[in-house]
Amino acid sequence: MTAANEAKAILQRLGVDAAVWNGQLPTRSPIDGSTAGSVAETADIDSVIARSVQAFHAWKRIPAPRRGELVRLLGEELRASKEDLARLVTLEAGKIVSEGLGEVQEMIDICDFAVGLSRQLYGLTLASERPGHHMRETWQPLGPVLVISAFNFPVAVWAWNACLALVCGDPVIWKPSEKTPLTALATQAVFDRALSRFGDAPAGLSQLVIGGRQAGERLTADARVALVSATGSTRMGRAVAQTVAARLGRSLLELGGNNAMIVGPSADLDMAVRAIAFSAVGTAGQRCTTLRRLFMHSDISAKLIDRLVQAYETLPVGDPREDGVLVGPLIDEDAYTAFRKAVDQASREGVLICGGERLDRDGVYVTPALIGMSKQTETVKHETFAPILYTFIYDDFDQAVEMQNAVPQGLSSCIFTDSVREAEQFLSAWGSDCGIANVNIGPSGAEIGGAFGGEKDTGGGRESGSDAWKAYMRRQTQTVNFSRELPLAQGVRFEV
């Protein structure tokens, strides 16, 4: 069965209306290039936003723990549909089976997190300088939240945002990547089942907008959208930020990464090789947290390169549905063009150690490239969304940290070392400048409990755990005078 036909069968099982195929947006699977059909694009975006505004007026009046019940039901429905939804992720995004399952599990995990959060939207009690007064800080629902997601995590990013937004009192509009509309349609069908069990939710609480760039631009420009949470390239993020800022709106940006690993002379090389392999080639190098730069101490560089070459030359590349395959396809021909250009340019600037070839089969399959570099060129500083790992040799630890930080992006970083001094310096204020910094762990595979995001050209946004929920609410400072006097702050006197 072609990947496209298998995807159609799964959508049917999940209850997606067959009418969605009567559209203009073609869908294809990167596994074999097969076309499933053309999905219907959203025609009336203004009505979608209007329904979201109406839903907000009703949803914000519902107590947060009750809102959490809807997310709990969503978690149940996701558990029941995990196998089908994960398979669809594999078929449409090209992820290997375990990664597809892991992505849906991430959705389930964030549901659990958000349910607990619905009873913990804490504010503060503040001391007032005025007698007979008390002050407090509370968090209120914000309004409609637009989620713009990328193809590489076609469902998890929506869940990160939607689950938190819903318990915070906000309706959600989802504009998925035009490369992965099928997983979005399936997820919406799963959500609708949870909604029918919940019973008293307003219409328009979660809506899909299927379309391309113009649809995204229309949504981000509308002042009725209170928060735009956008995941994608830095180029896209700059456009979104400027549009939203022009109307003094809020944006939460998760943009490009150019993540690095430092391997010190005391590192456990067995652990490092395993971490490098997964981080550099997992999802065919199409993660924002993919390892793209490797800094090796000169004492261990030759040994580490030898082991990496052995690992790379035996990596199973192929149909991600097959057992044992670890590297699936690139998403499309445009991705291959970028891969080819970067490999060719970097090979002129450095040395191609291994990989960098296209396999002769349907779909876009490449052998992950390992390239030795003497310095960080513009090619290295640009994030190419493909399995390319640039390697460097260093002698001085401070030099390695400086090189790691010397790129525009600041998402994820890591160090492999058994030196407490090196580890703590890496995590210090003068160490890694990234939003994520790990010791003896690769840069990818973050858990939902911590806030996810990065600095500099990565956008500064934070999603998922910790106090990331505050982005979906508005802060309000409240003062109550329970006395019969009216003193002013700072000793100001104004008598009439």
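The values are calculated or read from the model by the stated rules, or taken from the named source; none is laboratory data. Computed from a prediction, not measured in an experiment: that's the story for all the values here. All Cβ positions, glycine included, derive from the backbone under ideal geometry; neighbour counts span all protein chains shown. The accessibility values were calculated without ligands, DNA or RNA, using every heavy atom of the protein model including side chains. Shrake-Rupley method; radii C 1.70, N 1.55, O 1.52, S 1.80 Å.
One table, with the values for the structure above:
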{"quantity": "Long-range neighbours under 8 Å by Cβ, at least six apart or interchain, first residue acidic (Asp, Glu) within segment 75-88, second open to solvent by less than 40 Å² (accessible area, probe 1.4 Å) and assigned to a helix (DSSP H, G or I)", "calculated": "Glu76/Ala194; Glu77/Val190; Glu77/Phe191; Glu77/Ala194; Asp84/Ile10; Asp84/Leu14; Asp84/Ala186"}
{"quantity": "Test set (1) in a strand (DSSP E or B); (2) free of Cβ contacts under 8 Å to residues at least 40 places away in the same chain; (3) of a type in the set (A, V, I, L, M, F, W, C) - Leu486 fails condition number", "calculated": "(1)"}
{"quantity": "Residue match in segment 247-266 (condition: in contact with a strand residue (DSSP E or B) (Cβ under 6 Å, 6 or more places away or on another chain), over 21 Å from Asp84 (Cα atoms), open to solvent by less than 30 Å² (accessible area, probe 1.4 Å) and of a type in the set (Asp, Glu))", "calculated": "yes"}
{"quantity": "Leading residue by the ranking (farthest from Asp109 (Cα to Cα)) among those in segment 425-475 that are outside any loop (DSSP other than H, G, I, E, B) and open to solvent by 50 Å² or more (accessible area, probe 1.4 Å)", "calculated": "Gln425"}
{"quantity": "Those residues of segment 365-379 which are of a type in the set (Val, Ile, Thr) and either over 11 Å from Ser347 (Cα atoms) or assigned to a strand (DSSP E or B) (or both), in sequence order", "calculated": "Val366, Thr367, Ile371, Thr377"}
{"quantity": "The lone exception for Ser196 - which of (1) within 19 Å of the chain's Cα centre (by Cα); (2) open to solvent by 40 Å² or more (accessible area, probe 1.4 Å) it fails", "calculated": "(1)"}
{"quantity": "Residue match in segment 381-391 (condition: modelled with pLDDT of 95 or more, within 30 Å of Asp112 (Cα to Cα) and not in a helix (DSSP H, G or I))", "calculated": "no"}
{"quantity": "Residue count for segment 3-13, restricted to those that are of a type outside the set (Lys, Arg), open to solvent by 10 Å² or more (accessible area, probe 1.4 Å) and either over 17 Å from Asp362 (Cα atoms) or in contact with a Gly (Cβ under 9 Å, 6 or more places away or on another chain) (or both)", "calculated": "2"}
{"quantity": "Positions within segment 77-105 being closer than 20 Å to Arg321 by Cα and open to solvent by 30 Å² or more (accessible area, probe 1.4 Å), in sequence order", "calculated": "Lys82, Glu83, Asp84, Arg87, Val97, Ser98, Leu101, Gly102, Gln105"}
{"quantity": "Pairs with Cβ under 9 Å, 6+ apart, first in segment 429-448 and farther than 17 Å from Gln409 by Cβ, second open to solvent by 40 Å² or more (accessible area, probe 1.4 Å) and in a loop (DSSP other than H, G, I, E, B)", "calculated": "Val439/Leu427; Asn440/Asp268; Asn440/Asp418"}
{"quantity": "Lone qualifier among Ala277, Ala284 - being out of contact with any Lys or Arg (no Cβ under 8 Å at 6 or more places or on another chain), assigned to a helix (DSSP H, G or I) and at positive phi", "calculated": "Ala284"}
{"quantity": "Unique match (being modelled with pLDDT of 95 or more, crowded, with 23+ Cβ neighbours inside 10 Å and within 27 Å of the chain's Cα centre (by Cα)) among Pro316, Pro329", "calculated": "Pro329"}
{"quantity": "Criterion: within 23 Å of the chain's Cα centre (by Cα) and at pLDDT below 95 - qualifying residue of Arg28, Arg87, Arg13, Arg72", "calculated": "Arg28"}
{"quantity": "Lone qualifier among Arg51, Arg66, Arg61 - being among the basic types (Lys, Arg), assigned to a loop (DSSP other than H, G, I, E, B) and open to solvent by 20 Å² or more (accessible area, probe 1.4 Å)", "calculated": "Arg61"}
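So that you can scan it fast, the table gives a plain yes or no per residue for (1) touching a residue at least 40 places away in the same chain (Cβ under 8 Å); (2) in contact with a Cys (Cβ under 8 Å, 6 or more places away or on another chain); (3) more than 29 Å from Leu164 (Cα to Cα); (4) in a helix (DSSP H, G or I):
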{"position": "Asp32", "(1), (2), (3), (4)": "yes, no, yes, no"}
{"position": "Thr42", "(1), (2), (3), (4)": "yes, no, no, no"}
{"position": "Ser47", "(1), (2), (3), (4)": "no, no, no, yes"}
{"position": "Phe56", "(1), (2), (3), (4)": "yes, no, no, yes"}
{"position": "Lys95", "(1), (2), (3), (4)": "yes, no, no, no"}
